[in-house]
Amino acid sequence: MKSFRLLTTLSVILLMYSCSNGSDEYDATGSFEATEIIVSSQANGRILLLELSEGDQLEKGQEVGVIDSTQLYLQKMTLLSNAKGVRAQQPDIKTQTAALQDQIKTLEREKERIGRLVSANAANQKQLDDIESQLEVTRSQLSAQTSTLQKSSANISAQSSTLDIQIAQLEDQLEKTKITSPISGTVLNRYAEAGELATMGTPLFKVADIGIMFLRAYVTNDQLAQIKLNDEVTVRVDDGQGGMKLYKGQINWISDKSEFTPKTIQTKNERANLVYALKIAVPNDGFLKIGMYGEVKF
């Protein structure tokens, strides 16, 4: 009788232990990934400098290399010189019409003088009519010259604006010869070396933001009804010493369609054919690595 009771107690303990260490310990499993960006060349030319190594920590916007920009720079200098020459042709309307304006003022004074003489019967009407005719002709000449100069000025301004746009395009191209990191992160791979010829689109290096890691896990349809976006969950990973490290994570993406269970993924219900993918954002303390296995408890 005592032996039977002892056996029963041991069986219960073993059953409880197996339940606590079995599949009920987690609701889903998956592996960690990060936001990875392959940085490619935005210019054509020889790579003059590429100062980075795999594992380097980069800041957003940090310059790590440069591509030869000699030809682009020379093109910019040529355009700047052309723009300067075009602007030098800009007419000074006030200066170029000054003579006619002075002539008009002189004729107006003469008109007033003759008008007074006519009123005093000291001059005839024909003299006044001749002055008025000269004044009208001079005013027409001034209007025509001003119109011509304004059109010329507008044409030169348009040419200058076109050159300014071309210069701005070259400045943008020159800026793109600088190789910079688009995000703060860790260099995962380097694909090019200084001295090599790069064309637009040539991969240079891969950088990943590992400050926030994402655990991609899969859940069944039954589990899907228990979770929603922004839910906080517990994530566990092997600490390498026989224990588990715990992290707080947040569900920030749930797939809107099901898929067949990936072969490398285990779910709570292993007999389920269709599962839903989700991503859990986990702050990284430096321990989490891309591809590392993790467990999720909702």
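The values are calculated or read from the model by the stated rules, or taken from the named source; none is laboratory data. This is a predicted model, so every value here is computed, not measured. Counting neighbours? That spans all protein chains shown, and the Cβs are built from the backbone with ideal geometry, glycine included. Note: accessible area is taken over every heavy atom of the protein model, side chains too, but ligands, DNA and RNA are not part of it. Shrake-Rupley method; radii C 1.70, N 1.55, O 1.52, S 1.80 Å.
The table below lists the values:
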| quantity | calculated |
| --- | --- |
| Kirkwood Rh, angstrom, the stretch 51-157 [1 / mean 1/r, Cα pairs] | 19.7 |
| Virtual spin-label span in nm between residue 212 and residue 33, 7 Å along Cα→Cβ | 1.6 |
| Over the stretch 83-242: Rg over Rh, Cα atoms, Kirkwood Rh | 1.55 |
| Surface share of carbon and sulfur [accessible, 1.4 angstrom probe, percent] for the chain | 52 |
| Globularity index of the chain, i.e. its alpha-carbon radius of gyration over 2.2 N^0.38 Å | 2.15 |
| Extension gain (nm, one decimal) between residue 289 and residue 49, 0.36 nm per residue minus Cα-Cα | 83.5 nm |
| Fully extended contour minus Cα-Cα distance, from residue 172 to residue 239, at 0.36 nm per residue | 19.3 nm |
| FRET efficiency, 1/(1 + (r/R0)^6) with R0 45 Å, evaluated for residue 119 and residue 141 via beta carbons | 0.95 |
| Length gained when the stretch residue 226-residue 95 is fully extended (0.36 nm per residue, less Cα-Cα span) | 38.9 nm |
| Average accessible surface area per residue within the chain, 1.4 Å rolling probe, Å² | 63 |
| Order of exposure, largest accessible area first, which applies to 102, 231 with probe 1.4 Å | 102, 231 |
